[in-house]
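Here's the structure, in structure tokens; my notes come after.
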Amino acid sequence: MILNINNQEYNVKSSTETPLLWVLRDELGLLGTKYGCGIGVCGTCAVLIDGRAERSCIFPVSSLENSKIITIEGLSPEGLNKLQQAWVDIGVSQCGYCQPGQIITAQDLLNQKPNPTDDDIDTAMSNNICRCGTYNKIRQAIHLAAKG
Ligand code: FES
Ligand code: FES
């Protein structure tokens, strides 16, 4: 099966029912996408599928043959984009584990709403869990990126 990931075509050998998360991590070595709950609840495994943030732990790869998948590694292949730079400038990360999923979800939000309100941010990000409690800094970073 051929998957388009980060604008490259990969000939994937995993079984068609394998969740995308495990193809990324175990078969392709794209380790930026993290495993949290495995049941679509925490958001740490988010990737962009056709431009929208989706939970890679619950998507069998068989459903993705005609999709364009972007992982955190491919979000900005040439340096940091505005959102990633804002993340650095605000110093959002603590342990960092949830952050790839947070950034992917924030990118989806900015793609849909370039100037989100606090309510827009809270709604978009509410299902991405951060055990370190970086929520306020995530909000600040999204506003900073929107201004930039
Ligand atoms: S690991 Fe996919 S949503 Fe938690
Ligand atoms: S930064 Fe540690 S879980 Fe979010």
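Kindly establish whether LYS147 is within 24 Å of TYR10 (Cα to Cα) and either away from ligand 1 (no atom under 16 Å from the Cβ) or basic (Lys, Arg) (or both). No, not satisfied.
Being part of a loop (DSSP other than H, G, I, E, B) and away from ligand 1 (no atom under 16 Å from the Cβ): is that true of ASN66 here? In short, yes.
Screening ASP26, ASP50 for residues that are among the acidic types (Asp, Glu) and within 30 Å of GLN140 (Cβ to Cβ) leaves exactly one candidate, ASP50. In region 26-41, of all residues being within 19 Å of LYS68 (Cβ to Cβ) and away from ligand 2 (no atom under 16 Å from the Cβ), the one that is most open to solvent (accessible area, probe 1.4 Å) corresponds to GLU27.
The residues in region 105-128 that are open to solvent by 60 Å² or more (accessible area, probe 1.4 Å) and either within 20 Å of ILE49 (Cα to Cα) or touching a Lys or Arg at 6+ places or on another chain (Cβ under 7 Å) (or both) can be counted, and the count is 8. Have a look at ALA106, ALA141 and point out the one that is assigned to a helix (DSSP H, G or I) and either touching a strand residue (DSSP E or B) at 6+ places or on another chain (Cβ under 7 Å) or within 16 Å of ligand 1 (Cβ to nearest atom) (or both). None of the other options fit; the residue is ALA106. In region 123-148, the residues that are modelled with pLDDT of 95 or more form Cβ pairs under 7 Å with partners that are part of a helix (DSSP H, G or I) and acidic (Asp, Glu), at six or more places apart or across chains, as follows: ARG139/ASP118; LEU144/ASP89.
The values are calculated or read from the model by the stated rules, or taken from the named source; none is laboratory data. Keep in mind it's a predicted model, so treat the numbers as computed, not measured. FYI the Cβ positions are ideal-geometry reconstructions off the backbone, even for glycines, and counts take in every protein chain you see. Each accessible area value is taken on the protein alone, full model and side chains, heavy atoms only, with ligands, DNA and RNA left out. Shrake-Rupley method; radii C 1.70, N 1.55, O 1.52, S 1.80 Å.
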